[in-house]
């Protein structure tokens, strides 16, 4: 895997490594129950937010780097509005995820961020396959995956406990060659 480094810049966003003070923005977004409704954990506390940023900073220094947990920042405002990331395996694939502040949804920002993340994974990191696991009740996240051309590969039944309820998982994936073909024809 190539040794690539963010930031990734799009029309409206910058995806960059977290900085120590980003815990405040992470806390502001992910302490909101609506933002984390489809995640298997409860809303973050301030100490958990600080610890998570410290963990991301520590993992970003590892070589080879396999975890890319990135702050999603509005270019014009410099405001952290979410996060997205990927975890690469030795098999040239990676799982990826995305979380957006509930108040920022509906403007296509996460589709823009995930497009940049996928471009990074396939282009800079040279990965072969990217995949995401999505709570089937998270219709907005499913729309992002489908809008970007990911294929639904699986629907697991009651395989994850989310907020005390057994829920399913959808697996969406795309191969490098599929992404490249779609980007060159589009």
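The values are calculated or read from the model by the stated rules, or taken from the named source; none is laboratory data. Bear in mind the structure is a predicted one, so any value in this text is a computation, not a measurement. Cβ coordinates were reconstructed from backbone atoms using ideal geometry, including for glycine residues, and neighbour counts include every protein chain displayed.
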Taking the criterion of being in contact (Cβ under 8 Å) with a residue 60 or more places away in the chain, touching a helix residue (DSSP H, G or I) at 6+ places or on another chain (Cβ under 8 Å) and not in a loop (DSSP other than H, G, I, E, B), would at least one residue in region 11-23 satisfy it? yes
Given the condition more than 15 Å from residue 144 (Cβ to Cβ) and either surrounded by 14 or more Cβ atoms within 10 Å (Cβ to Cβ) or modelled with pLDDT of 95 or more (or both), answer yes or no: does some residue in region 103-112 qualify? no
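Residues checked against (1) in contact with a helix residue (DSSP H, G or I) (Cβ under 7 Å, 6 or more places away or on another chain); (2) without any contact (Cβ under 8 Å) to a residue 40 or more places away in the chain; (3) closer than 21 Å to residue 134 by Cβ:
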site	(1), (2), (3)
27	yes, yes, no
32	yes, no, yes
41	no, yes, yes
44	yes, yes, yes
61	no, yes, no
68	no, no, yes
78	no, yes, no
Kindly establish whether residue 95 is under 26 Å from residue 171 (Cα atoms) and either outside any loop (DSSP other than H, G, I, E, B) or free of Cβ contacts under 8 Å to residues at least 12 places away in the same chain (or both). yes
Out of 127, 86, report the one residue that is modelled with pLDDT of 95 or more and not in a strand (DSSP E or B). 127
Within region 140-148, does at least one residue satisfy the condition of being in contact (Cβ under 8 Å) with a residue 24 or more places away in the chain, surrounded by fewer than 22 Cβ atoms within 10 Å (Cβ to Cβ), outside any helix (DSSP H, G or I) and over 14 Å from the mean Cα position of the chain (by Cα)? no
Exactly one condition in (1) in contact (Cβ under 8 Å) with a residue 40 or more places away in the chain; (2) over 14 Å from the mean Cα position of the chain (by Cα); (3) surrounded by fewer than 17 Cβ atoms within 10 Å (Cβ to Cβ); (4) at negative phi is not met by residue 122; state its number. (3)
Going through region 67-102 one residue at a time, which ones are surrounded by fewer than 16 Cβ atoms within 10 Å (Cβ to Cβ) and within 17 Å of residue 14 (Cβ to Cβ)? 74, 75, 76, 77, 78, 79
Per the filter on region 149-179, residues surrounded by fewer than 18 Cβ atoms within 10 Å (Cβ to Cβ) and in contact with a helix residue (DSSP H, G or I) (Cβ under 7 Å, 6 or more places away or on another chain) are 149
Among the listed residues 29, 60, which satisfies the condition of being surrounded by 14 or more Cβ atoms within 10 Å (Cβ to Cβ) and within 15 Å of the chain's Cα centre (by Cα)? 29
Among the listed residues 6, 40, identify the single one that is part of a loop (DSSP other than H, G, I, E, B), under 15 Å from residue 82 (Cβ atoms) and within 17 Å of the chain's Cα centre (by Cα). 6
